[in-house]
Structures are given as structure tokens and as C-alpha cells.
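**Student:** Take this structure, written in C-alpha cells, and hold onto it; I'll ask about it next.
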Amino acid sequence: MMIAFRSGGMAQGKAAEGRRVAEQYDAIVVGAGFGGAASAALLARNGLKTLLLDKNAQPGGKAVTIAKEGFRYELWPIVGGPSLNSQFAAVLEEIDMADEVELLTPGTPISSLLYKGRSGKYEQLIGTARPREQADAAGLITWLQLDPADLPELTRLLHEMSTLTPQEIDALDDITLAEFLSRYRLPESVHSFFGMQCNILFVAPIDLVAASEAIKTFNDFGAGGAMRYSAGGYGRVAEVFAQAVQKYGGDLRLRTGVTRIAVEEGAVTGVVTEEGSFAAPIVLSNAGLQPTVLKLVGEEHFDRSYVNYIRGLLPSWGLMGIRYFLSEPVFEYPVSIAFSDESYWDAERFRRIKAGETPDELLVFNVVPSLYDPSLAPEGKQCALVATLCSPDPEPADSEVWWSKLDEMVDRLWPEMRPHVEREERYSTAHVSSLSRDHVLPGQGGECIGLAQVVGQCGRHKPSARAPIRGLYYVGCDAGGYGCGTHQAVDSGVEVARMVLRDYRITQGMSSP
């Protein structure tokens, strides 16, 4: 999975000539989210003089780790997968910085999955970040309240999913996971379980998520586990990627927002920022595909059909929630997910909610970072990051209603927490958009992941990471990768860095001396 070639002399010749001009680079990366920071680190490691820019005070994008009043925590609940053999580990090895951050993949119990089915109460299944062992199958059967008659069909499903070839998985780009599951006679609880997985991993509905994307990711998790975290906070990995840019001779500029990507005669020439202009023949944008095309570059530089295509792409849903700061330890497990047959969202439930319906049950996702790394909270205290699903609209009109409903759900699930709440921080899609993604289209900007991993936007239908402007590339969750959240972003960082290095090598080899 690592980039297998290095070329310490790649930034010579014309690039060296360019360096006599102030603020000249071989490549500029706009945005130090996980995808942008990974690609910048790999480009610098492979010899390109690279500039990494971000408007925020530190790298991490949507998964940035915040330090405040003795706590370190993320904007919302975040854990990663696969735990083992991830692109996180591959990039850290490639840039020779694996010792700078510990990827936490506990084999001890770390997750509490709560499901309310036929029994009418939430039943618990405990898991680890490592791949599940055979012994867990019995627990899963009890937890999902399966009858013996359900087992042969469930076994057939799990076996067939895990043994599909890459070609067979690719052939599922055009059907949804719900359509794929309809080939099997499955009880409601199993369908609800996969519905929850789609909501948590892709922040999208089971009846729109592409079966190819889902199955490929599920298989990664089956082989490598899930719910990985990082010592020092989840965003620490992006911070280390950014440090690697400097280690290999590049520059990192934080608190430097890009206002425009400069284009002349169909090719990028650099970027304009609040701090001045920087020149480069290569620009990678981690700012999101739609904000890049519609705002940073400008529609006038693209064919009208391409602009219409970009405008029509759909975002993932959003997450909104509450951070609870606790005076005493309340939670035993760092990850908790609660769902029922009624609380996961499919496309129809989302339509009803957009029309004003408020469900009685919410899907709830809760991460307590200090249960991974005790240094992330003052001794004897905890911060619980709690979230539920919402529209990606960065101008929500009903946040108070949803915060109140989520507060009520938390009291139902963990009544022992309330007496220990010292303070709360409430966040919505407005906060997400202001931190990470410009609001350029109605109802979009506060999405959790980026473009939705739905049929028509995955696999062979994924937007190309190479823009129709010479030297411009997209990196991050919108193009170039696959998988869950930040792992998709880093996978894109690896693939796009390969693409850029290949294109750069060809250009250098074919251009006049």
C-alpha cells in the first residue's frame, strides 16, 4: 500500500530554476485535512518542494483535535477503521514517522453496541478494535435476537460477502446495499444492523449507499478490525503528516486561508491567500470538490457540462451533537453506539424528517477519548462526544429541537451521567462548515464526510481526482479513495500523490531542458 518509488532529485532542473523566484513551489496543497496532509507529506518525501496551507490553527480538518481547559477532544465522535494494516500506518511508515504517533488498537473491550429490538430494551454487545474471533458469533446471534431458522441465511450472506473477488465487488457499483441484502432472507434486526453501519461509517442511507463501497469497507474491517484511535488525539496523525512536509524541505503555513486558485490558459499557476500569493504548476485541493470548482477556481474556467455535473453531486449527511464534560468517570467503554429498528435512517425516514417529523428514537454515537488515552482529560474527569444524524445544511433552523431530543436520549441511555455534567458544548452543521467546508450550494457545507458514497458516486463513478485543468487535482473524501471517513481521505492522499508524482515525472522527462 506504500508508494514504492522515491526520487530525491525530482525537484531539480526547472524546479530549481523556479526557486530563484520568491514563494515558488513544485506543488501546493490547499487544506491540511487527513487527505491533504497525507498527500503533501508523500510529495515532500518524494522530492517535490511542497507547500501545505490551511486556514485553521492546526491540521486535521473535520477530524482536528481541540485543546481546551485541560481536555483534548474532537469536534464530534471519531474513531477509525480498519484498525490494522491501515493507510494511516502505511503513510507513517513511508514518511519515516511511525514513531511520532501511536495508533491505538486495543484488543481489550472498548466498544458497547446497544440495540433495541423485540425485547423492547437496549441489549449490549461488547467488542474490541481488533478483528473479531469466532467466539463472537454466538454473542452476535443473542444480541440481534436471532432465531435458529435465521442462521443459515445469515451465514450464507456473511460468507459470500467475505469471499467476493475484487472484480465481483466492482460489479456492485450500480446497486445499493439494501438491494444486495434483499437477495437474502434476513430478519429485521440484521437489516437494522447494516442500516446503522451505513449511518455510522458513511453517514448515508442503506438504500442509497453503493453495495461495492459498503462490502469493500466491511471486508477491510473484518480482516483488520475497527474503532482505532490515536495517542494524543485523533487529529495527531494529520499533525504528524504536516510535520513531515517540513521535515522533507517543504513549508507548512497555518492560519492562511486560500481565497483563489490561480488559473492561466487552462493551467494552474498557484494560489492567492490572505497572506499573499504562492506559485506552483501543481495544486491539490483538499477543500472539497464543489467549493474548489465553484469558488476557489471559478465556474468560468470549466466547461458548462462539468460545472452542472459538479453541482449535481450529493453530500453525505451531517452529525450534530453535544460534548458533555464530566466531573467524574461515568463511561467504561470509549465507544458506544445505540440504535433500534426505528432509529437508523434510510432515505424515506430522512425525507419525513426534512418535512418536520421528529422521531421518538435517535441513533446515538458516543466517544470518550480519555478512555483510549488518559492524558486527554484531567485526572478523574471525562469528556463524552455525543452525536446523532442530521441534514448537511449549514443553516439549520431546528437545532434546538434536535439538541433537546438528543439530551433526552442520553438520559434514557445513561441516566447515571446527568449528575456529573459540569458543562456542555453544543455543535451543529454550522460549526462544521465554518471549520472545514465552504458553503457554496444550498443545503450543503455541513456534511460529515464530503460527497456521499452512494450509487453513481462510488467505484467507477467516483469523481476523477484529476481536474480538467492542467495541474489541478482533488484530494480527500471527494475523489481518489474509498472506505470509512478519514481512512478514505488518507487512501485518497496516497492514490493522488501517486498520480501527481507520475504526472510530474512524465512532464519533467518530456519537457525541454
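Taken together, the values in this text are just the output of simple stated rules run on the coordinates, not laboratory data. Everything numeric here is computed off the predicted structure, so don't read it as measured data. Quick reminder, even Gly has a Cβ in these numbers, built from the backbone with ideal geometry, and neighbours come from all protein chains shown.
**Student:** Using square roots of five times the C-alpha gyration tensor eigenvalues, list the equivalent-ellipsoid semi-axes of the range 383-427 in whole Å, biggest first. Could the numbers behind the result be given before it?
**Tutor:** Numbers: eigenvalues 95, 25, 16 Å².
Listed largest to smallest, the semi-axes of the range 383-427 are 22, 11, 9 Å.
**Student:** Here is a follow-up. Order by neighbour count: Asp373, Asp99, Asp393, fewest other Cβ atoms within 10 Å first, most last. Before the final figure, lay out the partial values.
**Tutor:** Values: Asp373 19, Asp99 8, Asp393 23.
Sorted ascending by nearby Cβ count, the order is Asp99, Asp373, Asp393.
**Student:** Here's a follow-up. Relative to 2.2 N^0.38 Å, what does the C-alpha radius of gyration of the range 405-513 come to as a ratio? Two decimals please. Write down the numbers at each step before the final one.
**Tutor:** On the way: Rg = 20.6 Å, N = 109, 2.2 N^0.38 = 13.1 Å.
That ratio works out to 1.57.
**Student:** When the helices in the chain are scored as -39500 (n - 2.57) per DSSP H run of 4 or longer and the sum is shared across all residues, what 222 nm value do you end up with, to the nearest 500 deg cm²/dmol? Can you show the working numbers first?
**Tutor:** On the way: 15 runs with 160 residues, N = 513.
Helix-only estimate at 222 nm: -9500 deg cm²/dmol.
**Student:** Now, a different point. Under 29 Å between alpha carbons, and skipping anything fewer than 8 positions from Lys68 in its own chain: which lysines qualify?
**Tutor:** Lys55, Lys247, Lys381, Lys405
**Student:** Counting other beta carbons within 10 Å of each residue's own, what order do Val101, Val386, Val272 fall into, fewest first? Walk me through the intermediate numbers first.
**Tutor:** On the way: Val101 20, Val386 25, Val272 14.
Ordered from fewest to most neighbouring Cβ atoms within 10 Å, Val101, Val386, Val272 come out as Val272, Val101, Val386.
**Student:** Please determine, in degrees from 0 to 90 and to the nearest 10, the orientation of helix 34-45 with respect to the longest principal axis defined by the Cα atoms of the chain, where the helix direction is its Cα long axis.
**Tutor:** The helix 34-45 is inclined about 40 degrees to the chain.
**Student:** Just subtract the alpha-carbon distance of Leu254 and Glu379 from 0.36 nm times their residue separation and send over the number in nm, one decimal.
**Tutor:** Values: separation 125, 0.36 × 125 = 45.00 nm, distance 3.11 nm.
Here the answer is 41.9 nm.
**Student:** Given H placed 1.01 Å from N in the peptide plane, which residues other than close sequence neighbours of Ser340 have an amide H under 5 Å from its amide H?
**Tutor:** Lys116
**Student:** Further, regarding this structure: Give me D for the range 18-99 in µm² s⁻¹, whole number, from Stokes-Einstein with Rh from the Kirkwood sum over alpha-carbon pairs, 37 °C and 0.692 mPa s.
**Tutor:** D, rounded to a whole number, is 225 µm²/s.
**Student:** If the only charges are +1 at each Lys and Arg Cβ and -1 at each Asp and Glu Cβ, what is the size of the charge dipole of the chain around the Cα centre, to the nearest 20 debye? Don't skip to the answer; put the middle values down first.
**Tutor:** Details: 47 positive and 65 negative charges, 262 e Å.
With only Lys, Arg, Asp and Glu charged at Cβ, the dipole is about 1260 debye.
**Student:** If you restrict to DSSP beta bridges whose two residues both lie in the chain, what percentage is antiparallel, to the nearest 5? Show your work: numbers first, answer last.
**Tutor:** On the way: 49 of 70 bridges.
Of those bridges, close to 70 percent are antiparallel.
**Student:** Okay, moving on. For the range 426-468, take every pair of Cα atoms, bin their distances at 10 Å starting from 0, and report each bin as a whole percent.
**Tutor:** 25, 40, 30, 5, 0
**Student:** Another question, if that's okay. From zero outward in steps of 5 Å, how is the percent of C-alpha pairs of the range 238-336 spread across the bins?
**Tutor:** So the P(r) values, bin by bin, are 2, 9, 14, 16, 13, 12, 11, 9, 6, 4, 2, 1, 0.
**Student:** Further, regarding this structure: Order of 379-385, 419-425, 49-55 by packing, highest average Cβ count within 10 Å first?
**Tutor:** Numbers: 379-385: 18.7, 419-425: 13.1, 49-55: 26.4.
Output ranking for 379-385, 419-425, 49-55: 49-55, 379-385, 419-425.
**Student:** What area, in nm² and to one decimal, does the C-alpha convex hull of the range 153-243 cast on average over all directions? It would help to have the intermediate numbers written out before the result.
**Tutor:** On the way: hull surface 29.3 nm².
Reported value for the Cα convex hull: 7.3 nm².
**Student:** Please work out how much length the chain gains when fully extended from Asn85 to Thr507, using 0.36 nm per residue of separation minus the C-alpha to C-alpha distance, in nm with one decimal. Present the calculation step by step, with values, prior to reporting the outcome.
**Tutor:** Values: separation 422, 0.36 × 422 = 151.92 nm, distance 3.31 nm.
Length gained between Asn85 and Thr507: 148.6 nm.
**Student:** Across the range 449-513, what fraction of all alpha-carbon pairs, as a whole percent, falls in each successive 5 Å bin from zero upward?
**Tutor:** Distribution as computed: 4, 19, 24, 22, 14, 8, 5, 3, 1, 0 percent.
**Student:** From the alpha carbon gyration tensor of the range 133-287, can you work out the equivalent ellipsoid semi-axes (sqrt of 5 times each eigenvalue) and give them in Å, largest to smallest?
**Tutor:** Numbers: eigenvalues 398, 81, 38 Å².
Gyration-tensor ellipsoid for the range 133-287: 45, 20, 14 Å.
**Student:** Starting from the range 291-324, pick out the chymotrypsin sites (Phe, Trp or Tyr not before Pro) whose DSSP state is loop and whose Cβ has at most 14 other Cβ atoms within 10 Å. Mind showing how you got there, number by number?
**Tutor:** On the way: sites: Phe302, Tyr306, Tyr309, Trp317, Tyr324; in loops: Phe302, Trp317.
In loop regions of the range 291-324 (DSSP not H, G, I, E or B), there are no sparsely surrounded chymotrypsin sites (Phe, Trp or Tyr not before Pro).
**Student:** How many angstrom lie between the C-alpha centres of the range 408-422 and the range 197-217?
**Tutor:** That distance is 30 Å.
**Student:** Regarding the chain, what's the average projected area of the Cα-atom convex hull, expressed in nm²? Mind showing how you got there, number by number?
**Tutor:** Details: hull surface 93.5 nm².
The directionally averaged projection comes out at 23.4 nm².
**Student:** If neighbour count is taken as other Cβ atoms inside 10 Å, put Val490, Val475 in order from fewest to most.
**Tutor:** Values: Val490 32, Val475 35.
If I rank by nearby Cβ atoms, fewest first, I get Val490, Val475.
**Student:** Picking from Gly81, Leu181, Ser436, whose Cα lies most toward the positive end of the charge dipole for the chain (charges on Cβ: Lys, Arg +1; Asp, Glu -1)?
**Tutor:** Going by the charge dipole, the pick is Ser436.
**Student:** Still on this model: So for each of 209-219, 88-98, 32-42 I average, over its residues, the number of other beta carbons within 10 Å; can you give me the resulting order with the highest mean first? Each step should come with its number before you reach the end.
**Tutor:** Details: 209-219: 24.3, 88-98: 20.4, 32-42: 33.4.
Sorting 209-219, 88-98, 32-42 by mean packing, highest first, produces 32-42, 209-219, 88-98.
**Student:** Which angle from 0 to 90°, rounded to the nearest 10, does the C-alpha axis of helix 151-163 make with the longest principal axis of the chain?
**Tutor:** In the chain, helix 151-163 runs at an angle near 10 degrees to the longest axis.
**Student:** For the range 349-446, report the convex hull volume of the alpha-carbon atoms normalised per residue, in Å³, without decimals.
**Tutor:** Details: hull volume 11.9 nm³, N = 98.
Spread over its residues, the Cα hull of the range 349-446 gives 121 Å³ apiece.
**Student:** If I model a spin label as a point 7 Å beyond the Cα along the Cα-Cβ vector, how far apart are those points for Val272 and Asp398 in nm?
**Tutor:** Each label point is offset 7 Å from its Cα along the Cβ direction, giving 4.1 nm.
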